1. Output the number of the condition that LYS334 fails; it satisfies all remaining conditions of (1) within 12 Å of the ligand (Cβ to nearest atom); (2) open to solvent by 30 Å² or more (accessible area, probe 1.4 Å); (3) under 23 Å from the mean Cα position of the chain (by Cα).
2. Would you check if GLY226 is buried (at least 20 other Cβ atoms within 10 Å of the Cβ) and out of contact with any helix residue (DSSP H, G or I) (no Cβ under 8 Å at 6 or more places or on another chain)?
3. Tell me which residues, restricted to the range 17-48, are crowded, with 23+ Cβ neighbours inside 10 Å, outside any strand (DSSP E or B) and near the ligand (Cβ under 10 Å from one of its atoms).
4. Suppose we filter the range 276-302 for residues that are surrounded by fewer than 14 Cβ atoms within 10 Å (Cβ to Cβ), within 19 Å of VAL95 (Cα to Cα) and away from the ligand (no atom under 13 Å from the Cβ); how many remain?
5. For the condition closer than 30 Å to VAL191 by Cα, in contact (Cβ under 8 Å) with a residue 60 or more places away in the chain and in a loop (DSSP other than H, G, I, E, B), what is the one hit in HIS54, HIS65?
6. Just to confirm my filter: which strands (runs of 3 or more DSSP E) fall fully inside the range 268-318 and include at least 1 residues that are of a type outside the set (Ser, Thr, Tyr), under 23 Å from THR353 (Cβ atoms) and out of contact with any helix residue (DSSP H, G or I) (no Cβ under 9 Å at 6 or more places or on another chain)?
7. Filter the strands (runs of 3 or more DSSP E) completely within the range 82-142 down to those with at least 2 residues that are over 19 Å from the mean Cα position of the chain (by Cα).
8. Between a residue in the range 178-199 that is more than 13 Å from SER59 (Cβ to Cβ) and any residue that is open to solvent by 10 Å² or more (accessible area, probe 1.4 Å) and charged (D, E, K, R), which pairs come within a Cβ distance under 6 Å, given they are 6 or more apart or on different chains?
Amino acid sequence: MSGARKKTRIVVLGGGFAGIYAMRELERLFGGDPEVEVTLVNRDNFFVFTPMLHEVAASDLDLTHIVNPIRKLARHASFFNGEVLEIDLPGKAVVAAHGVEQEHRHRLEYDQLVLALGAVTNFFGIPGLAERAFTMKTLGDAIALRNRAIDSMEEADYECCPDVRRRMMTFVVAGGGFAGVETAAALHDFVHEALHHYPHLRPSDVRMVLVHPGKVILPELSEKLGLYAQRKLSARGLEIHLGTRVLGFTAAGVELSDGTTIPSANLVWTAGTSPNPLIAKLPCMLERGRIAVNQFLQVPDWPGVWSLGDCALVPDGRGGVYPPTAQHASRQGKTLARNIAAEIRGGRKQPFTFKTLGQLAAIGRRTGVANVLGMNFSGFVAWWLWRTIYLMKLPRFERKVRVGVDWTLDLLFTKDLVQCPTQRAMSVGAVEAEQPVVAERIAS
Ligand SMILES: Cc1cc2nc3c(=O)[nH]c(=O)nc-3n(C[C@H](O)[C@H](O)[C@H](O)COP(=O)(O)OP(=O)(O)OC[C@H]3O[C@@H](n4cnc5c(N)ncnc54)[C@H](O)[C@@H]3O)c2cc1C
């Protein structure tokens, strides 16, 4: 239309910590500015607060209380719930699809593009992992693991063969970083607490194993705190295999680099991530598979393209790069949004600088380990800090209240053991089709 001013279109890809915080800051800066249009694209219609994911897997929290619907987080921005299929940097457009089979494709053109697609789990081609292992990255992962823990207890309670029962009740967690340690500790508490509802199961039937390639768990923290966590977890009966890697996962169990095989039907893999595969196809400069941005979070040689979070390699100005954590991704989101505003309205762009405020991990039974502002904390104080700080960080008052209520009820009642089935009710035709299978199973 002649005379009409063209809108500036900002497209944000990814609704994790990086994308959501960038979108919220863009909304704050541009408000309802009719000249600027912000669109966020994400596979799920919610934002997951990953630091609390293990609490969902271990039934401490209701399944949906740590996620926020993106539509409730976005006040002015548009939200496209779908899969990004293609990023066309020369054509300044993104192809995204939605629909059950992703059959409906859209071409979203942009003036400014924010790449915040995060990382994906990497199994490093280890045999059996992609087919059988559980992961801990998404809400679906946490729900699947919770279901498996409950299914294992239900089945093992009436399992006649002691070897099969023990295999079902052995849980191996690979990776001694935050995600692995918190998951192993929470799962250990959950299963042991649930045991008194399963009269045929004994504590000796349960085996919880943490496998870590390093010398001390929680390498993100100091050695002292890692050793403290090891002592606490070992004292509760959690086995820790240090200097060991998982080499394979078969029907016989989890094969380790020390030559042993742990007879187990349950492996949780938290030991590796790699950048989003869409990033690998981009014509921009990549380092270690991530987008090498400058200190302003711009992608060099591609004006109007920005990146941050786990899919970007952000220089720290001292020759190194910032670690891929939520606290960095969220702060990068704010800096990036301000730099986009400076680019559009004119102004000085700011380099991203941030000093890690602290690291915290919950290790079960109301204990934790933390390093906050350079000071080490352990035990109940660290656990209390973990809960207080993350509750404050969880977006939206409504979600804070829900999580707070869950934690309060947790003091009064035992953990929930309800499975979360996803299959639909059977129809008459489906029941008839199932009959011979059921008869066969009973006969065998
Ligand atoms: C279990 C666990 C616990 C953690 N605990 C902590 C902690 O305590 N403290 C801390 O600082 N950090 C923690 N982290 C790390 C932190 O979660 C990440 O650093 C952070 O999420 C990175 O944010 P991001 O936005 O870059 O990536 P992500 O959060 O991974 O977001 C990427 C988004 O892009 C979407 N996406 C990807 N591909 C597509 C596609 N093709 N189409 C559409 N959408 C797509 C994804 O669905 C996702 O929503 C933890 C991580 C995990 C897994």
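1. Unmet for LYS334, out of (1) within 12 Å of the ligand (Cβ to nearest atom); (2) open to solvent by 30 Å² or more (accessible area, probe 1.4 Å); (3) under 23 Å from the mean Cα position of the chain (by Cα): (1).
2. Answer is yes for this residue.
3. Listed by number, the residues that qualify are PHE17, ALA18, GLY19, ILE20, TYR21, ALA22.
4. Matching residues across the range 276-302 total 1.
5. That would be HIS65, the only listed residue that is closer than 30 Å to VAL191 by Cα, in contact (Cβ under 8 Å) with a residue 60 or more places away in the chain and in a loop (DSSP other than H, G, I, E, B).
6. In the range 268-318, the matching strands (runs of 3 or more DSSP E) lie at 290-292, 305-307.
7. Output list reads 83-88, 93-98, 104-109, 112-115.
8. Close Cβ pairs (under 6 Å, with a partner that is open to solvent by 10 Å² or more (accessible area, probe 1.4 Å) and charged (D, E, K, R)) amount to TYR198/ASP157.
The values are calculated or read from the model by the stated rules, or taken from the named source; none is laboratory data. Owing to the predicted nature of the structure, the values given are computational and were not obtained by experimental measurement. Glycine also receives a Cβ, built like all others from the backbone with ideal geometry; neighbour counts cover every protein chain displayed. Quick note on the areas: whole protein, heavy atoms, side chains included, nothing else; ligands and nucleic acids left out. Shrake-Rupley method; radii C 1.70, N 1.55, O 1.52, S 1.80 Å.
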